[in-house]
Amino acid sequence: MSESQNLTDRVKELIVRQLRLKIRPSDIKEDAMLFGGDMGLDSIDALELVVGIEKEFGVRIADQDVGEKVLRSVSAISRFLSEKGIS
Amino acid sequence: METKAILDKLPHGLPFLFIDRVLHLDEGKEGLALKNVTANEPYFRGHFPDNPVFPGVFLVEAMAQLAGIVAAPAGDKPAGMLASVSDMRFLKPVVPGDQVIIRVSLSARLGGAVRFDGEAMVGSETVARGSFSMVLTGSAGGPDAGAGS
């Protein structure tokens, strides 16, 4: 398993765990719109993900504009974390 | 901050105020408040007859009211709605005569949504603790603001 695949899987697991979703991590498509689209998550879920990402990866998302870009999809979150040096 | 100032600051009115005094306020970060619980309070007639227990949900409400004051920009009247409560534990009943100390600290903010960790204590004992989030309806985010919308 490549490092980026590993990170993607961790992000999916985090989403399911933090939001207590009744799906398997593997059910989440990497490019699925997390908010306002395929997954139907809301602004409180976004906040929970910000908390989860900080707890799991030690990376803080403080700005709403950054949040909107980063929390778009699993791949966007993974890319953001990679840029922050997380593998 | 005394009762009148709290009422001026919050959208709530009597008899739905669950903090009597704000002891410490660090705007945007944390707050500490107290609630004196007396046998006079009307809900004790039913919760429960002959066994007055301060409702746990009112402890959450007290945390949310304090959080509203903490999260509101200085000089602004907050209009927040409780949006989620997670992992809230009620560890010990609160009864008439207790002085409850409420502590909240902001753990995350994204647009108009804020998340707090809250704790209620009587003396040195924690009586409730957990996390909750609110949507500040008066702010730019709005209740329907999704991260991707």
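Read the figures in this text as sums done on the coordinates, not as results from a lab. Computed from a prediction, not measured in an experiment: that's the story for all the values here. Every residue, glycine as well, gets a Cβ built from its backbone with ideal geometry; the counts of neighbours run over all protein chains shown.
Distance from the Cα centre of segment B:2-79 to that of segment A:1-76, in angstrom?
A separation of 34 Å, based on Cα centres.
For residue A:12, which aspartates and glutamates qualify as cross-link partners when the Cα separation must be under 16 Å and same-chain residues fewer than eight apart are set aside?
A:3, A:27, A:30, A:31, A:38, A:45, A:48, A:54, A:56
For a quick check: with amide H placed at 1.01 Å from N, whose amide H comes under 5 Å from residue B:94's, ignoring anything fewer than 5 positions away on the same chain?
Here the answer is B:54, since their amide H atoms fall under 5 Å of that of residue B:94.
Return the FRET efficiency for the residue pair residue B:53, residue B:137: r is the Cβ-Cβ distance, R0 is 25 Å, and the value is rounded to the nearest 0.05.
0.20
Starting from 0.36 nm per residue, how many nanometres of slack lie between residue A:75 and residue A:4 once their C-alpha separation is accounted for?
Separation in residues times 0.36 nm, less the Cα-Cα distance, equals 24.6 nm.
Residues with amide H under 5 Å of residue B:79's amide H, sequence separation 5 or more or different chain, H placed in the peptide plane at 1.01 Å from N; which?
Residues meeting the amide H criterion: B:137, B:138.
Tell me the mean residue ellipticity at 222 nm calculated for the protein assembly as shown from its helices only (DSSP H runs of n ≥ 4, each -39500 (n - 2.57), averaged over every residue, nearest 500).
So the helix-based figure for the protein assembly as shown works out to -9500 deg cm²/dmol.
Exactly which trypsin sites (Lys or Arg not before Pro) in segment B:1-58 are in a DSSP loop and have at most 11 other Cβ atoms within 10 Å?
Answer in residue order: B:29.
In nm, to one decimal, how far is the modelled label at residue B:99 from the one at residue B:85, with both set 7 Å along Cα→Cβ?
Once both label points are built, they end up 2.6 nm from each other.
Within 10 Å of each Cβ of B:111-117, how many other protein chain Cβ atoms are there on average?
Mean shielding count: 4.
Classify chain A as rounded, prolate or oblate from the Cα gyration tensor: take a ≥ b ≥ c as the square roots of its eigenvalues, call it rounded if a/c is under 1.5, otherwise prolate when a/b beats b/c and oblate if not.
In terms of gyration-tensor shape, rounded.
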